[in-house]
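Peer 1: My questions all concern the structure below.
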Amino acid sequence: MWEAAVMLTLASKLKRDDGVRGPRASNPASDSTRRVSVRDKLLVKEVADLEANLPCTCKVNFPDPNKLHYFQLTVTPDEGYYQGGKFQFETEVPDAYNMVPPKVKCLTRIWHPNITETGEICLSLLREHSIDGTGWAPTRTLKDIVWGLNSLFTDLLNFDDPLNIEAAEHHLRDKVSQWFI
């Protein structure tokens with residue numbers, strides 16, 4: 001419920017700002033100081049869609065209800081190697097969104113073939129440019145990012161083309177090892 005209040009808070013702010021500015025602002029200087037970015041307008045819609053379609057293993061937290069461009073995601077896998085774990089991600093949506101992907105970092109230390117120990121993530125849709133065409137595109141949304149991060153713990157677990165080579169090699173040597181650091 002708190003997440004819905006966050007969305008409504010920013011949506012109300014956007015409407016107030018549009019109402020203050022009016023359909024045709026006469027003073028361009030004051031208009032530019034009150035202008036709402038394309039990113040923020042997109043985020044109001046995308047956060048509503050995300051919350052309506054969030055995987056049951058994920059929880060989104062917006063530390064500041066007026067900043068939808070920064071949020072934390074918790075993934076708690078219910079199957080696979082990482083079942084029972086709780087993994088925190090930080091997502092920051094840049095001003096140039098949706099032309100560039102959000103920046104995502106894993107805050108939980110984890111031994112994972114697609115996540116480094118410093119939190120870098122190998123997920124094709126987070127790449128601005130991708131040779132295989134599966135990278136970021138303006139048609140992608142926050143929902144795609146969250147579902148992709150969730151899938152890193154199940155069907156997108158990739159040992160053949162790892163970012164963390166040691167973790168992938170460790171898996172190949174010992175498939176029943178403990179994966180939490």
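Peer 1: Please work out which residue is modelled with the lowest pLDDT, limiting yourself to the range 106-115 and to residues that are closer than 11 Å to Leu149 by Cβ and touching a strand residue (DSSP E or B) at 6+ places or on another chain (Cβ under 6 Å).
Peer 2: Of everything passing the filter in the range 106-115, Ile115 is modelled with the lowest pLDDT.
Peer 1: Take the residues of the range 115-146 that are basic (Lys, Arg) and assigned to a loop (DSSP other than H, G, I, E, B): which is most open to solvent (accessible area, probe 1.4 Å)? Please lay out each step first, then the result.
Peer 2: Going residue by residue through the range 115-146, those that are basic (Lys, Arg) are 127, 140, 143.
In the following step, the residues that additionally are assigned to a loop (DSSP other than H, G, I, E, B) were identified as 127, 140.
On the way: Arg127: 94, Arg140: 63 Å².
If we take residues in the range 115-146 being basic (Lys, Arg) and assigned to a loop (DSSP other than H, G, I, E, B), then Arg127 is most open to solvent (accessible area, probe 1.4 Å).
Peer 1: Quick check: anything in the range 54-63 without any contact (Cβ under 8 Å) to a residue 12 or more places away in the chain and over 16 Å from Phe153 (Cα atoms)? Full working, then the answer.
Peer 2: Start the filter on the range 54-63 by keeping residues that are without any contact (Cβ under 8 Å) to a residue 12 or more places away in the chain, which leaves 63.
Of the ones still in play, those that are also over 16 Å from Phe153 (Cα atoms) are 63.
Scanning the range 54-63, I find at least one residue that is without any contact (Cβ under 8 Å) to a residue 12 or more places away in the chain and over 16 Å from Phe153 (Cα atoms), so the answer is yes.
Peer 1: Given the criteria in a helix (DSSP H, G or I) and not basic (Lys, Arg), does Leu149 qualify?
Peer 2: Spelling it out, Leu149 is indeed in a helix (DSSP H, G or I) and not basic (Lys, Arg).
Peer 1: Sticking with this one: Please specify each residue of the range 156-177 satisfying the condition of being at pLDDT 75 or above and in a loop (DSSP other than H, G, I, E, B).
Peer 2: Leu156, Leu157, Phe159, Asp160, Asp161, Pro162, Leu163, Asn164, Asp174
Peer 1: Out of all the residues in the range 60-114, which are open to solvent by less than 50 Å² (accessible area, probe 1.4 Å), touching a Leu at 6+ places or on another chain (Cβ under 9 Å) and among the aromatic types (Phe, Trp, Tyr)?
Peer 2: Phe62, Phe71, Tyr82, Phe87, Phe89, Tyr97
Peer 1: Working carefully through the options Phe153, Phe180, find the one that is of a type in the set (Phe, Trp, Tyr) and modelled with pLDDT of 90 or more.
Peer 2: Phe153
Peer 1: Pairs needed: first member in the range 69-85, aliphatic (A, V, I, L, M); second member anywhere, in a loop (DSSP other than H, G, I, E, B) and open to solvent by 20 Å² or more (accessible area, probe 1.4 Å); C-beta distance under 8 Å; at least 6 residues apart or different chains.
Peer 2: The qualifying pairs are Val75/Lys86.
The values are calculated or read from the model by the stated rules, or taken from the named source; none is laboratory data. It should be emphasised that the depicted structure is a prediction, and the values quoted were computed from it without experimental measurement. Positions of Cβ are generated from backbone atoms using ideal geometry, with glycine treated the same way; all protein chains shown enter the neighbour counts. Just the protein is used for accessible areas: all its heavy atoms, side chains included, with ligands, DNA and RNA removed. Shrake-Rupley method; radii C 1.70, N 1.55, O 1.52, S 1.80 Å.
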